[in-house]
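Beneath this line is the structure, given in structure tokens, with notes to follow.
The values are calculated or read from the model by the stated rules, or taken from the named source; none is laboratory data. These figures come from a predicted structure and were not determined experimentally. Cβ placement follows ideal geometry from the backbone for every residue including glycine, while neighbour counts extend to all protein chains displayed.
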Amino acid sequence: MELTCLHNKCYLPPLPHFSLPLCKNPNPRILSRKRNHFCLASASDTLVAGSRKELVRKKDNEFDDLKSWMHKNGLPPCRVELKERPSHDEKHRPIHYVAASDDLQAGDVAFSVPNSLVVTLERVLGNETVAELLTTNKLSELACLALYLMYEKKQGKKSFWYPYIRELDRQRGRGQLAVESPLLWSQDELAYLTGSPTKAEVLERAEGIKREYNELDTVWFMAGSLFQQYPYDIPTEAFPFEIFKQAFVAVQSCVVHLQKVALARRFALVPLGPPLLAYRSNCKAMLSAVDGAVELVVDRPYKAGESIVVWCGPQPNSKLLINYGFVDDDNSHDRLVVEAALNTEDPQYQEKRMVVQRNGKLSVQVFRVYAGREKEAVTDMLPYLRLGYVSDPSEMQSVLSSQGPVCPVSPCMERAVLGQLVDYFNGRLAGYPTTLNEDESLLSDPNLNPKRRVATQLVRLEKKILHACLQATIDLMDQLPDHCLSMPCTLCPFIEMKEVPVSIVT
């Protein structure tokens, strides 16, 4: 891949992975902002393939590794070491990870990184008021942190953060499974997620990143004193969108959400933290802010050399894939959503809206279906759906006078309600191009493409939830008298049938 220059502009085809742009610009900070000056990383700075491996490794040896750099700059003695595992793609460099350097017991402090080695908005912007203003307006903490590291990378080896940025480049925005976030996948690769609400969520998140990119210049002008040290153009002229998106995704994969700290310090980039640490949804250990440092206390014993894991928060697998590039089969927080809405054409719509609000629901209601609790979720939906089938005014008055989500239910009405749910779950399942058995067959292939594998893991788990919901609904139908028929209803509640019923929130 060559860097070509046309009319004083440097262009490089967008790299399919995270790259913090790196090049030295001899020009002073320019007052006129109407010209673009894109200066991006050359391929040798970010990609390692074939014969270039040895060259880059020799180049890396000119500098100490990340941990040695941290010790030189205040990291106290710790009980971890950096090890590596091979990448799925031979063209990519091995993945580094944090492992125990000696045997650890639950409650031991694995490491304590001083605040001087932690990147937060408070440190970046130097003014907590500015930091809070930026993040409560149109820019997220992630966008500000990504922009800071992009400018720092332009400093090259002169940057204090060079060893850390080099490590982030090495990781390429990948998690410990060596898979990039779907935000960096091609359209063909996103097709692996067909039928899953996650596909639409990825596209929505990408649009959000684009909106943040368009607001980047706000940081430049509001925190001008910070960026005066960088003799480069304003953000949207210094960095094209694709490069910013790669940097944003890389920061997203390693940012730590600290608890009980000021707003400007809540999102932090911690060397030795993610993505060098592996995430696990059933782990209790997490990075915590202590006096002057961020430390990790392990929640389980480790043998020397074992990879150390931390808790990733109560996130469903869709979030784990988008944020970190992995899916956890044992994730107790995994869930799907079902969106139901009262029919606005129903003559009794207002009365029914009063009833659902009185019972803590909305006229457009999102039901969360957690893995392993599908029957509970179906049972929670039924009162809401039954209400939509009430048509007799006297029955509606009876519902209004009741103290709970109670409405008269005949076997015929119940069959109609359950039948609507059966159709909904069958429709969701039909939206996937593969069956559960086909997914299992794909996952048994050791040579399956890593992105296809993680996408198949996700849709397989989604289908398991939907199948469990379907079975729970059918079991309830089987308890009804055989002679009752489904009751027709033209004003029944809507159950949205689309790839993403609603944004899945944590």
**Report entry** Total residues in the stretch 292-335, condition among the aromatic types (F, W, Y) and over 17 Å from the mean Cα position of the chain (by Cα)
**Finding:** 1
Query raised in the report: Based on what the data block shows, is S68 polar (S, T, N, Q) and modelled with pLDDT of 90 or more?
Result: yes
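Here is a yes/no grid of residues against (1) in the same structural domain as R358 (by TED's automatic domain parsing); (2) buried (at least 17 other Cβ atoms within 10 Å of the Cβ); (3) modelled with pLDDT under 95:
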{"residue": "G404", "(1), (2), (3)": "yes, no, yes"}
{"residue": "C407", "(1), (2), (3)": "yes, yes, yes"}
{"residue": "Q420", "(1), (2), (3)": "yes, yes, yes"}
{"residue": "V459", "(1), (2), (3)": "yes, yes, no"}
{"residue": "T473", "(1), (2), (3)": "yes, yes, no"}
{"residue": "P481", "(1), (2), (3)": "yes, no, yes"}
{"residue": "T490", "(1), (2), (3)": "yes, no, yes"}
{"residue": "V500", "(1), (2), (3)": "no, yes, yes"}
Report task. Would you check if E376 is acidic (D, E), assigned by TED's automatic domain parsing to the domain that holds S394 and either in contact with a His (Cβ under 7 Å, 6 or more places away or on another chain) or over 19 Å from L466 (Cβ atoms) (or both)? Result -> no
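Find the residue count for the stretch 425-446, including only residues that are closer than 16 Å to I465 by Cα, part of a helix (DSSP H, G or I), in contact with a helix residue (DSSP H, G or I) (Cβ under 9 Å, 6 or more places away or on another chain) and not charged (D, E, K, R).
So the answer is 4.
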Report task. List the number of the failed condition for A278; all other conditions in (1) at pLDDT 90 or above; (2) under 17 Å from the mean Cα position of the chain (by Cα) hold. Result -> (1)
Query raised in the report: Somewhere in the stretch 127-139, is a residue acidic (D, E), modelled with pLDDT of 80 or more and assigned by TED's automatic domain parsing to the domain that holds F244?
Result: no
Requested in this report: Identify, from the list V338, V256, the residue that is over 25 Å from I165 (Cβ atoms), part of a strand (DSSP E or B) and at pLDDT 90 or above.
Outcome: V338
Report task. Could you list all residues from the stretch 300-331 that are assigned by TED's automatic domain parsing to the domain that holds E189 and surrounded by fewer than 17 Cβ atoms within 10 Å (Cβ to Cβ)? Result -> R300, P301, K303, A304, G305, E306, S307, W311, G313, P314
